[in-house]
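Heads up: the structure comes next, in structure tokens.
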Amino acid sequence: MTEVTARLGDGVGSIPAADWDACAGDANPFVSHAFLSALEDSGSATARAGWQPLPIVVDGGDGRPAGILPGYAKSHSQGEYVFDHGWADAWSRAGGSYYPKLQVAVPFTPVPGPRLLLRDPAAAPALLAAAEAVVRQHDLSSAHATFVEEAQLAHFEAAGWMIRAGSQFHWINDGYRDFADFLDALASRKRKAIRKEREAAVSGLEVRALAGPEIGAAEWDAFWAFYQDTGSRKWGRPYLTRRFFPMLTERMPDKVLLFLAYRAGKPIAGALNLIGRDALYGRYWGTTEEVPFLHFELCYYRAIEEAIARGLSRVEAGAQGEHKLARGYRAVPTYSAHYIPHPGFRAAVADFLERERDAVARDIEMLGELAPFKRG
């Protein structure tokens, strides 16, 4: 085996932003130095929260990072959205300790993207070899790269990592001129249903789209209340701290878009999005007043309008939610990659993943047949 020299960073903040972003690129805002360092500096993704930042760096001949792997030592499986609790239980029943494990991910963010940040593509094998070495040398159970973009799967497969399939619902821009043009691609019954939903959702409300510098303390205070309500119902407690949100507009103002719904001048609901080079990413939503269809309006329909206006190729609206299908979103595959050095446990997981992949493929095919678009 070729010897690999890599180093562990003491968090994203220990690596200069210019060096990090030279590897991460500008397509996906979630792997940027600004976003990941905000998670750390706000106290959201820290060792105390069970996400100990552990970036792995392989340097190039010029002494600068040729590749970076955004790693975290995890003491639990929360905030990942690719569920391995069953694996942890099986490992424990067999007398082992599943935690800590190495997680290669963007914390709390089920968004596909690069998990090997490469200024030099030749650094990919070295990064994966280094990740495996970290697992072995620190007596970790395993390594998991979640929401890996499809273009990078070959690197993981070449290294022998096991591939897991999942699915999400994304809206695809087929060159629509505007929202009406998109609606025209749908079956008549679906078009009418969406128009009625949109009309009902905004009755008596004003919806504002606020970008970057337009979002001030008052808007973040309102959104924090929405986020807390949603977080407490979904996860028991919110993952992100209050300090995280203004850091977004401080560090990456051109990437932040917030939809707020107002009744009589008071914000009652909001949806937070990040803007990528090719996609609009819907992330968090919440409300203090239940209004029928307002969730669909702020999270899906407004996002579609914005993507069309900006010429973006798609909207990624987060994990789960078959209700997105009726709103013109399509089921697409997602992927993760897993390194488990224990041969017996690896074999059991490999068998499970093969059966799961077949089931996911069937589900995506079936959901495709239920899409609301015109036939023929």
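The values are calculated or read from the model by the stated rules, or taken from the named source; none is laboratory data. Note that the coordinates shown come from a computational prediction; the quantities given were computed from them, not determined experimentally. When we count neighbours, we look across all protein chains shown, and the Cβ atoms used for this are built from the backbone with ideal geometry, even at glycine. With ligands, DNA and RNA removed, areas are computed over all heavy atoms of the protein, side chains included. Shrake-Rupley method; radii C 1.70, N 1.55, O 1.52, S 1.80 Å.
Observations
- Filter pass, T109 being buried (at least 23 other Cβ atoms within 10 Å of the Cβ), out of contact with any helix residue (DSSP H, G or I) (no Cβ under 7 Å at 6 or more places or on another chain) and within 28 Å of Y227 (Cβ to Cβ): no
- Elements of type strands (runs of 3 or more DSSP E) contained in the stretch 128-243, each with 3 or more residues being under 20 Å from the mean Cα position of the chain (by Cα) and more than 24 Å from F293 (Cα to Cα): 143-145, 162-172
- For the stretch 32-65, the set of residues classified as under 18 Å from the mean Cα position of the chain (by Cα), more than 18 Å from P253 (Cβ to Cβ) and of a type in the set (A, V, I, L, M, F, W, C) consists of A45, W51, listed by residue number.
- Screening S37 with (1) open to solvent by less than 10 Å² (accessible area, probe 1.4 Å); (2) more than 28 Å from E356 (Cα to Cα); (3) out of contact with any Pro (no Cβ under 7 Å at 6 or more places or on another chain); (4) assigned to a strand (DSSP E or B) gives one miss only, at (4).
- Residue in the stretch 205-214 that is farther than 22 Å from I275 by Cα and touching a strand residue (DSSP E or B) at 6+ places or on another chain (Cβ under 7 Å) present: yes
- Given (1) touching a helix residue (DSSP H, G or I) at 6+ places or on another chain (Cβ under 9 Å); (2) free of Cβ contacts under 8 Å to residues at least 60 places away in the same chain; (3) farther than 19 Å from A145 by Cβ, index of the condition P70 fails: (3)
- Among (1) small (G, A, S); (2) under 21 Å from T241 (Cα atoms); (3) open to solvent by 30 Å² or more (accessible area, probe 1.4 Å), the one test that A27 misses: (2)
- Filtering the stretch 320-338 to residues that are open to solvent by less than 30 Å² (accessible area, probe 1.4 Å) and either among the aromatic types (F, W, Y) or out of contact with any strand residue (DSSP E or B) (no Cβ under 9 Å at 6 or more places or on another chain) (or both) leaves only Y329.
- Cβ-Cβ under 7 Å pairs, at least 6 apart or on other chains, the stretch 346-368 side at pLDDT 95 or above, far side among the aromatic types (F, W, Y): V349/W87
- Taking strands (runs of 3 or more DSSP E) as the structural unit, no element lying wholly within the stretch 261-355 holds at least 1 residues that are within 21 Å of L205 (Cα to Cα) and of a type in the set (D, E).
- Matching residues in the stretch 296-319 - criterion: being surrounded by fewer than 24 Cβ atoms within 10 Å (Cβ to Cβ) and at pLDDT below 95: G318, A319
- Close pairs (7 angstrom Cβ cut-off, 6 or more residues apart or separate chains): under 22 Å from Y301 (Cα atoms) in the stretch 248-268, of a type in the set (K, R) anywhere: F259/R302; L260/R208; Y262/R208
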